[in-house]
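Read through the structure below, which is laid out as structure tokens, and then see the notes.
The values are calculated or read from the model by the stated rules, or taken from the named source; none is laboratory data. What you see is a predicted model; the values in this text were computed from it and never measured. With ideal geometry, Cβ positions are generated from the backbone for all residues, glycine too; neighbour counts draw on all protein chains shown. Remember, those area values only see protein heavy atoms, side chains included, never the ligands or the DNA or RNA. Shrake-Rupley method; radii C 1.70, N 1.55, O 1.52, S 1.80 Å.
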Amino acid sequence: GPSKAAHLLALDKRTGKTLWRADDPAVTTKGRTDGFRGNRDTSYWVCSYATPLVIPHAGGEAVLMPPPGAVRAHDPATGKVLWSCAGLNPLMYASPNFGEGVVVAMGGFLGTSLSVRAGGKGDVTQSHRLWQAVRTANRLGSGVIHDGHFYVLNTPGILECLELKTGKQVYSERLRGRGPKGESWSSMLLVGDRIYIPNQSGDTFVVRAAPKFELIATNPLDRALTNSSLAASNGQFFLRTHKHLWCIGKKK
């Protein structure tokens with residue numbers, strides 16, 4: 001998207017053959033709660049930039065995807081919607097999070113966030129949705145779930161810790177790096193009880209995944225713009241800036 005033909009597609013990885021297609025649901029922009037409310041051309045900004053996520057479901061698996069307006073879990077074999085939860089705005093940036101049996105999905109551009117117990121059948125909005133937060137701070141990167149809490153870095157560079165099952169804010173702290181840009185479009189990386197978060201200046205913050213805020217370290221790079229997320233492999237971190245590709249770790 002943005003497109004009226006937006007859909008989730010399953011392909012045979014060996015041949016590229018289409019196995020199934022699930023069209024995005026119809027979404028109304030009337031009364032939308034995000035940053036496009038009141039704009040004349042709100043109908044164009046109805047889309048999802050999220051990445052699908054495979055989660056457990058009833059002894060098997062489901063493909064989780066937040067199209068505009070909802071969270072949906074699909075049967076990976078057929079594309080059938082196993083369960084869905086309404087309550088998101090029509091524009092999605094961040095990918096969904098799953099942990100401890102709970103899904104957290106966040107709308108983009110000052111949109112709506114929600115938390116829902118995974119599972120069930122059909123529309124589980126009334127039976128499984130745990131909380132909904134309307135008109136939140138802008139979020140592009142995805143958060144992480146750890147030990148009953150959800151952590152997310154807002155685009156302006158403010159870290160939030162929320163209770164996973166209630167949505168209650170535990171803390172809100174601005175992360176200040178050494179570079180000129182404190183904003184962040186990157187997704188977090190959870191390793192043990194540590195969260196790694198890059199900002200646009202190439203500073204990577206290391207924060208304790210705990211309900212009491214603790215900044216462990218701030219690691220600057222070349223101060224080149226980056227909107228990338230960290231990748232980890234065999235004890236090494238990789239981060240791409242607009243100038244370089246960095247590999248950080250012990251030499252083997």
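At-a-glance table
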| item | result |
| --- | --- |
| Count of residues meeting criterion [under 16 Å from the mean Cα position of the chain (by Cα) and either open to solvent by less than 20 Å² (accessible area, probe 1.4 Å) or under 24 Å from Arg129 (Cβ atoms) (or both)] in the stretch 156-173 | 7 |
| The lone exception for Gly69 - which of (1) exposed (fewer than 14 other Cβ atoms within 10 Å of the Cβ); (2) at pLDDT below 95; (3) of a type outside the set (Val, Ile, Thr); (4) closer than 22 Å to Gly120 by Cβ it fails | (1) |
| All strands (runs of 3 or more DSSP E) inside the stretch 150-225 with 1 or more residues being in contact (Cβ under 8 Å) with a residue 12 or more places away in the chain and more than 21 Å from Ala137 (Cβ to Cβ) | 189-191, 194-198, 204-208, 215-219 |
| Whichever residue in the stretch 96-140 is of a type in the set (Val, Ile, Thr) and not in a loop (DSSP other than H, G, I, E, B) and, among such residues, is farthest from Ala50 (Cα to Cα) | Thr125 |
| Top-ranked residue in the stretch 105-123 [being open to solvent by 60 Å² or more (accessible area, probe 1.4 Å) and out of contact with any Asp or Glu (no Cβ under 8 Å at 6 or more places or on another chain); ranked as farthest from Gln169 (Cα to Cα)] | Lys121 |
| The stretch 52-75, residues that are closer than 13 Å to Ala22 by Cβ and within 16 Å of the chain's Cα centre (by Cα) | Pro52, Val63, Leu64, Met65, Pro66, Pro67, Ala70, Arg72, Ala73 |
| Any hit, the stretch 203-212, residues being touching a Pro at 6+ places or on another chain (Cβ under 8 Å) and under 15 Å from His242 (Cβ atoms) | yes |
| Any pair with Cβ under 6 angstrom, 6 or more apart, that starts in the stretch 86-115 at a residue that is closer than 15 Å to Arg139 by Cα and ends at one that is at pLDDT 95 or above and aromatic (Phe, Trp, Tyr) | Val104/Phe150 |
| Restricting the stretch 226-240 to residues that are closer than 22 Å to Gly143 by Cβ and in a loop (DSSP other than H, G, I, E, B), the residue that is farthest from the chain's Cα centre (by Cα) | Thr226 |
| Selected residue (only one of Gln126, Gln200 is open to solvent by 60 Å² or more (accessible area, probe 1.4 Å) and among the polar types (S, T, N, Q)) | Gln126 |
| Search result, residues across the stretch 77-106 that are under 21 Å from Ala10 (Cα atoms) and either of a type outside the set (Phe, Trp, Tyr) or out of contact with any strand residue (DSSP E or B) (no Cβ under 8 Å at 6 or more places or on another chain) (or both) | Ala77, Thr78, Gly79, Lys80, Val81, Leu82, Ser84, Met92, Ala94, Ser95, Pro96, Asn97 |
